[in-house]
2 protein chains.
Amino acid sequence: MAKTSLSGFPEWLPQQRAIERALIAALARAYELHGFAEIATRAIEPVSQLLAKGETSKEIYAVSRLQADAGKDAELGLHFDLTVPFARYVSERAHELVFPFKRYQIQPAWRGERPQDGRFREFIQADADVVGHTTLPLHYDAEMAIVIAEGYARMAELGVPPVRIGVNNRKLSEGVYRALGATDIAGVLAAVDKLAKIGPDAVTEMLLAHGLSAHGAQCVLELARLESVDIGADLDAFLARHGIASALAASGVNELETVVAGARAEVGPVVTADLSIARGLDYYTGSVFETTLVGHETLGSVGGGGRYDNLARAGSISYPGVGVSIGVSRIMSRILGANLTVASRGTPAVVLVAVNSEETRVTARAVARTLRTRGIACDVAPKADKFGKQIRHADRLGIPFVWFIGEGHEVKDIRTGEQFEADPDTWTPPSRDANIFVGPVG
Amino acid sequence: MAKTSLSGFPEWLPQQRAIERALIAALARAYELHGFAEIATRAIEPVSQLLAKGETSKEIYAVSRLQADAGKDAELGLHFDLTVPFARYVSERAHELVFPFKRYQIQPAWRGERPQDGRFREFIQADADVVGHTTLPLHYDAEMAIVIAEGYARMAELGVPPVRIGVNNRKLSEGVYRALGATDIAGVLAAVDKLAKIGPDAVTEMLLAHGLSAHGAQCVLELARLESVDIGADLDAFLARHGIASALAASGVNELETVVAGARAEVGPVVTADLSIARGLDYYTGSVFETTLVGHETLGSVGGGGRYDNLARAGSISYPGVGVSIGVSRIMSRILGANLTVASRGTPAVVLVAVNSEETRVTARAVARTLRTRGIACDVAPKADKFGKQIRHADRLGIPFVWFIGEGHEVKDIRTGEQFEADPDTWTPPSRDANIFVGPVG
């Protein structure tokens, strides 16, 4: 079979995959402790649904049966995130769910973008969202920032760098932009979103092209670059300074202040107001979140999300939500590329039972069976080779112990060479060896 | 958002998904205890790879960027199983793997078939395979039957019906068919595969159409329906009776006898020789396995697999393998449809902290935070409603405990109405309530 690797579709070796699983388990644990229930949605959605939710169509992968009768099937595509499928799930199953509905979901998504550092065509997202029936209290926005912080705190124990979780508010942005005369709010947001990448002069040009005055553009930039200590007072001063009397903006200031204060009260200064955050997707209506790895800012956002009041509907009922999405594959690519995290081995087996001869393999299998009954993952040597070769097989797999059956039973720690008597009914590996250990390098 | 459910793409409610996760965890545990390492492969493969491996093209879902430049991208498709991607993975990563390589993989696969009872267009498969470098000892074939038995034994604790694991051997079938004059072995296998569905007369007609004589067809049927007590002796008698002197068939008898005896020695009569097993995929070269739920035979196979000596290659090196695939979605559809398994709740939260007023929500959050730090999953009431309403919210979610903060702290078991003093620093839920419990109905 020819080599057929596809660019942008990452696949990991077993010991790398053990790291990815540890990241996923850390996030799942953080989500579950907050009462988020796990669900999975199908990979495939009608293209019309995907296109309706603010994604440029060229990034969508279309799906069709290879020999379908033309026009017979609905136009289908692979989901590009987990939020749009989740909104659809809520709309379809609303009468069977209890609201507010807290769910998390860790699955691949697909985008036909040009692969780059940390950007893949198939990538794993770890999402958590809360949706309410008709209304959803603001305290959930703070909880989402808290959950991101706790998820990253758990991943930090695995070697993932510390994060900075920025919060902004769309009502504030939109209120200010409208007061300054902007009509194409999405266009202004898109321009502000490019600030770090293309600088203030180029953004100013874009803002002028979107119909803002020179003074308006200057105000937009000033807001995006405002570094605040006391966010409420500083923003009130900004609005007063520029004579912006917008109920929408004032409401945004209020929400932003509440959310940041609520989150900081629980998880500290890792959460900050960041008025430069715009985010690409246009379904956000209030809080927006963006997360960067400290010291790895060029990697871009490793987690984001926000409040969406109009994404999910069923009949006349709306299901406002707030959610976050953490980019597992992007984090993976960085911690592997920068050699930050290591797994002790790729195989779950902690012990390899040596085989004296093919005739006595049954005896070795019986020992393995006893160990398994006691919850100890193990393997039996593939061949009755010389013991040196069997030990080398364990060593190459990273299996720390080899079990020998002679007149009695002995088990060897092949890292130290230590060998001692052992009984399959009672021997237990040290707890640090029992499972694959994932942790920071060094 | 309009209702857009797609037929053949199952999605579960949280408490159903908890059952699916329990099935997956049971299988993962069985695989890991045997030293299989988990990996994941990308969902997408070149169509040429998929077509080369014996799947009819109309069942493959093709994937293309919605606005791709014509002819620019490789022709891609969604994988229809996990064996073909695994063989490709081994070929690509051979120099980085340790052989024999034992891996398991639990992921969705896609086929554009007409949805039926237990047959979906998107379905989860739980695969385990061992591949060797150049050779792979036969004892791994027995281990695969053992692993299926152990996986199902773990699922039986969750309410999944008992299984019957049938084993056959392609060398035996092919040796006999060739000796009887057949040349289109795949065609004869496909006819035998239909025996249970269309009956012996229709199969005989198919066999005659494949060029077999009336006597040949009769022998093929006799073999498929042979019910054996002593498989080696009975098959030797069958071969002698019909004057079939085939080294290939004799080797198949030998392998079959060894594999069945090896598996039964460890897991008992759940594993049996079944000479009617043909299996559709034509990459099998030795042992073939098929699993049915006892009492639910009409559902079809819920797990199968076999030996493939020629699927994975890299240059001149072959990587023979043996593997099994368990149909998680098919099992799910049956245990839900027949109401065999139940989950205690959908949310991971075991306690809901009641909120006295929005002003004191911070106190409730502090209690929740303390509980979480101690590993207890919990949620805080969405609103400072009357306590009766907060208790009803917990009840609807299946959360067994509600925490009240008055002069002291109290926790109520809302199933019994019992209420007692509790300290967030020491209270621990009963272990049967700590996590979502999945088990047989009744």
| message | Could you check the stretch A:101-148 and list, in sequence order, the residues that are more than 10 Å from chain B (Cβ to nearest Cβ), of a type in the set (S, T, N, Q), closer than 27 Å to B:ASP379 by Cβ and more than 13 Å from the chain's Cα centre (by Cα)? | response | A:THR134
| query | Just for the stretch A:202-236: of the residues that are buried (at least 17 other Cβ atoms within 10 Å of the Cβ) and assigned to a loop (DSSP other than H, G, I, E, B), which one is farthest from the chain's Cα centre (by Cα)? | reply | A:LEU212
| message | Scan the stretch B:82-89 and tell me whether some residue there is assigned to a loop (DSSP other than H, G, I, E, B), at pLDDT 95 or above and crowded, with 19+ Cβ neighbours inside 10 Å. | response | yes
| request: Please go through the stretch A:413-442 and pick out each residue that is out of contact with any His (no Cβ under 7 Å at 6 or more places or on another chain) and aliphatic (A, V, I, L, M). | output: A:ILE414, A:ALA434, A:ILE436, A:VAL438, A:VAL441
| field | 2 or more residues more than 14 Å from chain B (Cβ to nearest Cβ) and either of a type in the set (A, V, I, L, M, F, W, C) or open to solvent by less than 50 Å² (accessible area, probe 1.4 Å) (or both): qualifying strands (runs of 3 or more DSSP E) within the stretch A:375-437 | value | A:401-405, A:409-413
| Selection from the stretch A:144-193 of residues that are modelled with pLDDT of 95 or more, crowded, with 24+ Cβ neighbours inside 10 Å and in contact with a His (Cβ under 7 Å, 6 or more places away or on another chain) | A:VAL147
| said: So, in the stretch A:348-374, how many residues would count as being within 7 Å of chain B (Cβ to nearest Cβ), within 17 Å of A:SER431 (Cα to Cα) and open to solvent by 10 Å² or more (accessible area, probe 1.4 Å)? | reply: 2
| task | Can you tell me which residue among A:ARG154, A:ARG88 is touching a residue at least 24 places away in the same chain (Cβ under 8 Å), closer than 24 Å to B:LEU397 by Cα and of a type in the set (D, E, K, R)? | result | A:ARG88
| field | Selected residue [touching a Lys or Arg at 6+ places or on another chain (Cβ under 9 Å), crowded, with 19+ Cβ neighbours inside 10 Å, in a helix (DSSP H, G or I) and more than 14 Å from chain A (Cβ to nearest Cβ)] from B:LEU248, B:LEU239, B:LEU275, B:LEU256 | value | B:LEU256
| request: Those residues that are touching a strand residue (DSSP E or B) at 6+ places or on another chain (Cβ under 6 Å), closer than 15 Å to B:VAL267 by Cα and touching a residue at least 40 places away in the same chain (Cβ under 8 Å), I need them from the stretch A:364-383; list them, please. | output: A:VAL367
| field | Hits in the stretch B:102-132 (condition: of a type in the set (Phe, Trp, Tyr) and open to solvent by less than 10 Å² (accessible area, probe 1.4 Å)) | value | B:TYR104, B:TRP110
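So which residues in the stretch B:303-316 are surrounded by fewer than 23 Cβ atoms within 10 Å (Cβ to Cβ) and either of a type in the set (Ser, Thr, Tyr) or closer than 18 Å to B:GLY327 by Cα (or both)?
Within the stretch B:303-316, B:SER316 is the sole residue that qualifies.
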| query | How many residues, within the stretch A:43-59, are surrounded by fewer than 23 Cβ atoms within 10 Å (Cβ to Cβ), closer than 24 Å to A:SER329 by Cα and at pLDDT 90 or above? | reply | 0
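The values are calculated or read from the model by the stated rules, or taken from the named source; none is laboratory data. Keep in mind the model is a prediction, meaning the values are calculated, not measured. Counting neighbours? That spans all protein chains shown, and the Cβs are built from the backbone with ideal geometry, glycine included. For accessibility, only protein heavy atoms count, side chains too; no ligands or nucleic acids. Shrake-Rupley method; radii C 1.70, N 1.55, O 1.52, S 1.80 Å.
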